[in-house]
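The values are calculated or read from the model by the stated rules, or taken from the named source; none is laboratory data. Predicted model only: the values in this text are computed from it and were never measured. Positions of Cβ are generated from backbone atoms using ideal geometry, with glycine treated the same way; all protein chains shown enter the neighbour counts. Only protein heavy atoms, including side chains, enter the accessible area calculation; ligands, DNA and RNA are left aside. Shrake-Rupley method; radii C 1.70, N 1.55, O 1.52, S 1.80 Å.
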Amino acid sequence: MALKLFNTLTRSLQEFAPSAADANKIGMYCCGPTVYDYAHIGNWRTFVFADLVRRTLEFFGHEVRHVMNITDVEDKIIKRVQEQKVSLREFTGRFEAAFFADLKTLNCLPPHLTPRATEHIPEIIALIEKLIARGVAYRAGDSSVYFSIAKYRGCGCTYGQLQKLNFDELRVGERVAADEYDKEAVADFALWKARVPADGAVFWPSPWGEGRPGWHIECSAMSMKALGESFDLHLGGEDLKFPHHEDEIAQSEGATGKPFVKHWLHAAHLLVEGKKMSKSLGNYFTLRDLLANGFTGREVRFLLLTAHYRETFNFTIEGLHGAKTALARIDECVGKLRELAGGTAAVPNRELVEQFKAALEDDLNISAAWASVFEWVRKVNRALAENSMTHAEAASHLAAWEKVDSVLGVSAAAETEASAELKALLMERQSARQSKDFKRSDAIRDELKAKGWIIEDSPKGQRLKKI
Ligand SMILES: [Zn+2]
């Protein structure tokens with residue numbers, strides 16, 4: 001078996017095969033937040049999904065370069081900057097910091113690179129110049145620059161790769177200036193928006209006059225700068241499929257003439273209490289709202305990870321209470337294993353790891369993955385209750401859980417549990433002592449201490465304890 005994922009581009013389940021030139025290295029781009037407010041739980045579904053994809057790829061032995069942009073100039077941002085009479089950076093900086101704090105609360109691994117749109121204006125301008133030179137973009141009467149869908153299609157390129165579009169209603173040259181627009185609006189979209197009074201102090205010089213970039217071009221410019229003209233994996237919420245991602249493909253392929261992205265993955269919508277989330281219905285939650293109501297980041301993460309990414313997910317408060325109970329079961333089981341294992345290093349128990357892996361291989365079948373975890377909890381609890389488990393077996397089960405949790409990221413004790421590397425050092429010290437190599441044994445003790453761990457004697461042998 002190999003990892004299979006549903007590729008929106010081919011509308012089929014495909015074996016995930018990184019491009020040959022990159023061997024085992026994977027470029028992964030996920031559209032990041034537009035920092036005009038606190039991210040809501042629907043946004044978090046996408047980011048937790050991206051974290052699951054990254055951790056899964058790493059579990060399968062790939063090296064991932066994870067890039068997530070920060071959209072810090074856009075229609076909604078400018079509107080609020082004007083309303084609140086603050087500088088662009090002051091406004092976006094606040095929500096950007098909140099976003100990264102929330103990302104940490106949800107135990108999402110930080111992306112390797114988080115480029116800001118406002119720091120890539122030269123790259124954006126260069127990309128627009130390329131599109132103009134290739135004849136697929138034009139400057140309009142108001143000095144804004146638009147992407148020409150008719151010209152792009154005229155070159156034999158396909159607009160509508162991620163979603164089938166109705167071109168009968170397309171009138172040549174019809175334009176849309178807004179960053180977000182309707183599914184039906186197959187129209188030329190803005191790459192560069194000429195400065196208008198409502199923009200206030202938010203503008204940059206360009207060959208076409210003062211203005212600012214459109215939202216879609218930001219992602220083409222930053223993803224290609226970070227990952228090259230062609231890369232493996234692009235993720236986002238399904239609401240971004242059109243126009244945002246379709247426009248990213250058109251801009252990138254229109255400029256380079258090369259295929260932009262090999263695999264596109266989209267996470268489905270999230271409902272809250274069975275309805276579309278809205279402030280007027282009272283079912284609109286940011287992560288902070290949920291924390292204020294006594295829930296934890298790991299409970300929210302657990303719940304977001306219970307549904308398959310391509311299924312619409314109904315997020316409920318009852319579900320969060322269920323997450324609390326489920327995590328308590330895991331915590332109790334892992335806690336007992338840890339006690340019995342007593343810091344012994346071991347090879348992970350194969351059964352759990354293999355079943356979990358097989359579930360992920362099947363388009364990230366998270367329900368099957370959790371089923372394997374809870375079946376394992378049941379078996380381990382039974383063996384513990386019967387006192388039929390040895391220290392070595394406990395250590396092996398614990399190592400299996402750690403491997404599985406490297407993907408799930410829901411362990412409570414992640415910070416108090418020594419890594420496999422540290423446990424290996426402890427074992428090396430034990431053998432050094434047995435062979436009376438006290439110099440080496442002391443050196444390892446000092447190394448462990450420098451890393452924040454002390455060696456503790458317990459009835460079951462030596463173990464590591466966080467200082
Ligand atoms: Zn994007």
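Key figures
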quantity	calculated
Carbon and sulfur %, accessible surface of the chain computed with the full protein complex present, 1.4 Å	52
Derived scalar couplings ³J(HN,Hα) [the stretch 377-385; Karplus, 6.51 cos²θ - 1.76 cosθ + 1.60; whole Hz; x for Gly, Pro]	4, 4, 5, 5, 4, 5, 5, 5, 5
For the chain, size of Cβ-based charge dipole, Lys and Arg +1, Asp and Glu -1, in debye	880
³J(HN,Hα) computed for each position of the stretch 210-221 - Karplus, 6.51 cos²θ - 1.76 cosθ + 1.60, integer Hz, glycine/proline x	5, x, 8, x, x, 5, 5, 5, 4, 5, 4, 5
Rg over Rh [alpha-carbon atoms, Kirkwood Rh] for the stretch 44-105	1.13
Inverse mean reciprocal Cα-Cα distance (Kirkwood Rh) of the stretch 27-164, Å	17.6
Contact order normalised by residue count of the chain, Cα under 8 Å, 6+ apart, percent	16
Projected area averaged over orientations for the chain, convex hull of C-alpha atoms, nm²	26.2
Highest to lowest packing among 84-94, 186-196, scored as the average C-beta count within 10 Å	186-196, 84-94
Residue-span extension gain [GLN430 to ARG89] - 0.36 nm each, minus C-alpha spacing	117.3 nm
LYS423 - accessible surface, heavy atoms, 1.4 Å probe, Å² rounded to 10	20
Label point distance in nm, PHE60-SER12, each placed 7 Å from Cα along Cα→Cβ	1.7
Net charge dipole size for the stretch 322-391 [Lys, Arg +1 and Asp, Glu -1 on Cβ; Debye, nearest 20]	280
Segments 138-147, 393-402, 224-233 sorted - mean Cβ within 10 Å per residue, highest first	393-402, 224-233, 138-147
Extended-chain gain in nm, criterion 0.36 nm per residue less alpha-carbon gap, ARG382 and ASP362	4.3 nm
Under 18 Å from the Cα of LYS76 - lysines, other chains or at least 8 residues apart	LYS85, LYS193, LYS279
Dimensionless Rg/Rh of the stretch 245-329 - Kirkwood Rh, Rg from C-alpha atoms	1.16
Histogram of C-alpha separations across the stretch 169-301, 10 Å bin width, %	10, 28, 30, 24, 8, 0
Projected area, mean over directions - the stretch 256-397, Cα convex hull, nm²	12.9
HN-Hα J in Hz across the stretch 322-335 - Karplus 6.51, -1.76, 1.60, θ = phi - 60°, x for Gly and Pro	x, 4, 4, 5, 4, 5, 4, 4, 5, 4, 5, 5, 5, x
Added length on full extension, which subtracts the Cα-Cα distance from 0.36 nm per residue, GLU375 to GLU273	33.9 nm
Amide H contacts of PHE6 (H built 1.01 Å from N, under 5 Å, at least 5 apart or other chain)	GLN14
Label-to-label distance, nm, for residues given as ALA450 and ASN293 (7 Å Cα→Cβ offset)	4.8
Qualifying aspartates and glutamates (Cα of each under 18 Å from Cα of LYS436; at least 8 residues distant if same chain)	GLU428, ASP446
Acute angle (nearest 10 degrees) that the helix 350-361 long axis makes with the longest principal axis of the chain, alpha-carbon atoms	10
Mean accessible surface per residue for the stretch 90-230, computed with a 1.4 Å probe while every protein chain stays in place, in Å²	46
Convex hull of the stretch 180-235 built on C-alpha atoms - directionally averaged projected area, nm²	5.8
Probe 1.4 Å, protein heavy atoms only - accessible area per residue of the stretch 324-464 in square angstrom	51
